1. Using 0.36 nm per residue of separation minus the Cα-Cα distance, give me the extension gain between Leu23 and Val3 in nm, one decimal.
2. Give the angle, between 0 and 90 degrees and rounded to the nearest 10, that separates the Cα long axis of helix 104-125 from the longest principal axis of the Cα atoms of the chain.
3. How about the stretch 124-225: which trypsin sites (Lys or Arg not before Pro) there lie in a loop by DSSP and see at most 13 other Cβ atoms within 10 Å?
4. Pick from Leu260, Leu133, Leu62: which is most flexible by mean-square fluctuation in a GNM of the chain where alpha carbon atoms under 10 Å apart are linked?
5. If we count every other residue with Cβ under 10 angstrom of Ala219's Cβ, Lys/Arg +1 and Asp/Glu -1, where does the sum land?
6. If r is the Cβ-Cβ distance from Val147 to Val81 and R0 is 25 Å, what FRET efficiency results, to the nearest 0.05?
7. If a paramagnetic tag sat 7 Å from the Cα of Asp163 along the Cα-Cβ line, which residues of the stretch 220-239 would have the backbone N under 20 Å from that point?
8. Residues in the stretch 64-100, backbone N under 13 Å from the label point at Thr39 (7 Å along the Cα-to-beta-carbon vector): list them, ranges by number please.
Amino acid sequence: MDVDDGDAGLELVHLLRRITGRLDLMAAEFAAANGLHPTDLRALMHLLDARREEVPATPGWLSGKLALNSASVTALVDRLVRAGYVRRTRDNRDRRRVLLSVQDDAIRLGWSFYGGLITDMVDAMREFDGAELALARRFLDRIHDVVRADKPTNPTVRLVPLDEATTERLLSVAVHEARPIDVMPVPDSTSTWTPATENAFREFHRAHFHGANGTVMYAVEAEGSLTGMIRMARLSQDEAETGMWLGRSARGKGIGTAALRALVTEAAAAGVRTIVADTSTGNAAALGALRTCGATLTHRGDDVRAELPIG
Ligand SMILES: CC(C)(COP(=O)(O)OP(=O)(O)OC[C@H]1O[C@@H](n2cnc3c(N)ncnc32)[C@H](O)[C@@H]1OP(=O)(O)O)[C@@H](O)C(=O)NCCC(=O)NCCS
C-alpha cells in the first residue's frame with residue numbers, strides 16, 4: 001500500500017527513526033569510550049538479553065542475531081573473551097555444543113550504559129496510566145512485528161514420533177529452554193529441573209511410545225532442528241485433543257502454527273473429525289496458532305476451549 005504525506009502514522013515513523021538513531025549514536029559513543037567496536041557492544045546486549053530470557057546462546061545463535069558469518073563471530077567472541085566479558089563453556093548434555101555466557105563485568109558494563117536510561121524511561125512512563133501503557137504496549141508490539149528479523153516465514157516442520165533416542169534429544173531442549181511445568185504434568189512446587197524431574201520426563205513420554213494409551217507424541221522438527229513436542233490424544237473415534245510446547249528460542253517464528261497444521265494432516269489420516277485444545281486467555285501465541293488453523297474459540301472466564309473441525 002502507498003504512503004501519502006498526510007498519513008497520520010508517518011510522523012510517528014519519523015519519531016521512531018529519530019529515537020533509534022539517537023540510541024545508536026549513544027551506543028557507538030559508549031562503545032568507543034570503553035574500547036569496544038559497536039558490533040561487540042551489540043553482541044553483548046544480545047547475550048545479556050539471552051541470559052535474562054534464559055535462552056541458551058551459542059555462536060550460531062549469535063551469528064543469526066548479528067547477521068555475521070561464523071568466522072567473524074569467532075573473532076568477535078575471541079575479543080569479548082580476551083576482554084573478560086564472555087566465557088565459552090561446553091554444554092553438559094551435548095558436548096559438541098559451545099555455550100556463551102556473560103561475565104559479571106559485562107553485566108556491570110551493560111548496566112552502566114542502560115541503567116540510567118532505563119531509570120529515566122521508567123520515570124517518564126509513570127506519567128501514563130495503565131490503559132495508556134497497555135495501548136503503548138500494543139503499538140510497540142505491532143511495530144516490533146514489522147521490523148523483527150525472525151518473523152514467521154512458514155518454516156518447514158516435520159513431526160517425528162517419539163522413541164527412546166528422540167525423547168533424550170527432546171529432554172535436552174526441555175531442560176535448556178522450558179520449565180518442567182511447560183512440558184509435562186508436575187506438582188505446582190516443581191519449578192526447576194533435577195535428576196528426578198528428568199526421569200519423570202522420560203517415564204511420562206515412554207508411557208506414550210507408539211500411541212500407547214491412545215496418545216501419539218511427536219517431536220517437532222523445524223528446519224532440521226528439534227524444537228519441541230506436539231501430541232494427539234484420542235478422546236473418541238471422531239475426536240482428539242492436542243497440546244504442544246516449544247523451546248523458548250523457537251517460539252514466535254511460526255513453528256507452532258506449522259506443527260499444528262502438520263498435526264491436523266496426521267489427524268485427518270487417522271479419521272479424526274475434530275481436534276480440541278484447552279488454553280487460557282493470556283496465551284496469545286497458542287490462541288493465535290489455533291485461530292490461524294481454523295479453530296473456533298469459546299471463552300469461559302480465563303479458560304479457552306478451542307474446537308478445530310477437520311475436512
Ligand atoms: C504456544 C506455542 C506452542 C505457539 O507456538 P509459536 O511457534 O510460538 O507460535 P507462532 O509463531 O506459530 O504464532 C502463532 C500466532 O501467535 C502470535 N504470537 C506468537 N507469539 C506471540 C506473543 N509472544 N505474543 C502475542 N502473539 C504471539 C503470532 O503472531 C501468530 O499469530 P498470527 O497467526 O495471527 O500471525 C509456543 O509459543 C509455546 O511453546 N509456548 C509455551 C508453552 C505453551 O504455552 N503451550 C501451549 C499450552 S495450551
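1. Here the segment from Leu23 to Val3 would lengthen by 4.6 nm.
2. 90 degrees
3. Arg126, Arg148
4. So, out of Leu260, Leu133, Leu62, the one fluctuating most is Leu133.
5. Around Ala219, the charge tally is 0.
6. It comes out at approximately 0.25.
7. 220-222, 224-232
8. Taking a point 7 Å out along Cα→Cβ of Thr39, the residues of the stretch 64-100 whose backbone N falls under 13 Å are 64-80.
The values are calculated or read from the model by the stated rules, or taken from the named source; none is laboratory data. Not measured: the values here are computed from a predicted model. Backbone-built Cβ (ideal geometry, glycine too); neighbour counts: all protein chains shown. To get the accessible areas, we keep the full protein, side chains included, count just its heavy atoms, and leave off ligands, DNA and RNA. Shrake-Rupley method; radii C 1.70, N 1.55, O 1.52, S 1.80 Å.
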